[in-house]
Every structure is written in structure tokens, then in C-alpha cells.
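A short write-up of the structure that comes next.
The values are calculated or read from the model by the stated rules, or taken from the named source; none is laboratory data. Quick caveat, the model's predicted, so the values are computed rather than measured. With ideal geometry, Cβ positions are generated from the backbone for all residues, glycine too; neighbour counts draw on all protein chains shown.
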């Protein structure tokens with residue numbers, strides 16, 4: 001799962017929840033913008049309630065927190081870094097799913113897919129990372 005989208009692949013992510021690295025980075029971006037504790041403190045992997053949790057549900061919880069603090073999400077930009085699977089063909093589906101989850105237009109969602117290009121910045125074909133920047137607006 002990436003961005004709430006199932007990506008068919010021989011590769012998969014391992015984690016306490018569904019390990020959706022893009023949604024987890026988005027959650028951390030939103031929490032950070034609100035100066036709140038990170039995803040690990042909000043939804044600890046020591047709590048059995050979050051075992052195999054659907055990251056889309058965790059995101060909905062955090063979006064409620066954003067609204068309760070008097071903000072709304074205007075835009076996000078993300079970069080996914082992985083050698084496998086190749087993600088470029090999946091970006092339209094991920095963007096569409098994020099737009100639906102976040103209730104913002106697709107043209108306010110940036111998604112880029114990069115590889116490590118042999119630099120050994122990550123374990124070849126064994127890792128993925130996501131970087132997310134969010135833009136919030138105070139709601140009066």
C-alpha cells in the first residue's frame with residue numbers, strides 16, 4: 001500500500017500497521033505542522049490496537065486533529081525513493097486516492113518517484129522512503 005493505493009508487486013512493506021510509508025510520512029507532516037508528537041507517539045507500535053491498522057484510518061484521525069486545531073490542508077508535495085517497484089505508472093492512481101482521502105483537488109497533490117541510482121543510499125531493492133511537505137491554512 002502506498003498512499004492508500006494497492007501496488008501490485010513481488011515486493012512488500014513490513015510494519016506494525018499496514019506500513020503505508022507515504023501515508024505515514026503525510027501523517028508525520030501534518031502532526032509536525034501542528035507541533036504535535038509524531039506518528040509513533042500518537043499510534044504506538046506497542047499498542048495492540050494499532051496492529052495491522054489501516055493507515056487511511058490513522059490519517060482520518062489526524063485530519064480531525066488538523067480541523068480541531070483550526071486548520072485545513074491546502075496542498076502537499078511528496079517524494080518516494082525506491083528502486084523497486086517502479087512507481088511512475090502508479091502515480092495517477094495514488095494522486096486520485098489521496099485527493100479522495102484528503103478532500104482536496106488532485107492538482108494540489110505533488111508526487112514524485114525517484115530511485116537511488118546505485119548510490120547505496122538505501123538497501124538495493126529492500127527499502128523505500130517518503131518525504132512529505134504540507135501546506136496548512138488557518139481557518140477563521
Legend entry - Where residue 35 falls short, out of the listed (1) in a loop (DSSP other than H, G, I, E, B); (2) over 17 Å from residue 132 (Cα atoms); (3) at pLDDT 95 or above: (2)
Legend entry - Residue check, residue 136 closer than 22 Å to residue 8 by Cα and surrounded by 15 or more Cβ atoms within 10 Å (Cβ to Cβ): no
Legend entry - Conditions (1) surrounded by fewer than 18 Cβ atoms within 10 Å (Cβ to Cβ); (2) touching a residue at least 40 places away in the same chain (Cβ under 8 Å); (3) not in a strand (DSSP E or B); number of the one not met by residue 66: (1)
Inset, instruction - Determine whether segment 80-97 contains at least one residue that is closer than 25 Å to residue 37 by Cα and at pLDDT 95 or above. - result: no
Inset, instruction - Mind counting the residues in segment 100-133 that are at pLDDT 95 or above and buried (at least 16 other Cβ atoms within 10 Å of the Cβ)? - result: 7
Inset, instruction - Would you be able to say whether some residue in segment 111-127 is more than 15 Å from residue 21 (Cβ to Cβ) and in contact with a helix residue (DSSP H, G or I) (Cβ under 8 Å, 6 or more places away or on another chain)? - result: no
Legend entry - Output for segment 82-117, where each listed residue is part of a loop (DSSP other than H, G, I, E, B) and free of Cβ contacts under 8 Å to residues at least 24 places away in the same chain: 103, 105, 117
Legend entry - Of the criteria (1) surrounded by 15 or more Cβ atoms within 10 Å (Cβ to Cβ); (2) touching a strand residue (DSSP E or B) at 6+ places or on another chain (Cβ under 8 Å); (3) modelled with pLDDT under 90, which one residue 53 fails: (2)
Inset, instruction - Determine whether segment 25-43 contains at least one residue that is farther than 20 Å from residue 136 by Cβ, surrounded by 13 or more Cβ atoms within 10 Å (Cβ to Cβ) and in contact with a strand residue (DSSP E or B) (Cβ under 8 Å, 6 or more places away or on another chain). - result: no
Legend entry - Sole residue being without any contact (Cβ under 8 Å) to a residue 60 or more places away in the chain and either in contact with a helix residue (DSSP H, G or I) (Cβ under 6 Å, 6 or more places away or on another chain) or assigned to a strand (DSSP E or B) (or both), chosen from 79, 46, 61: 79
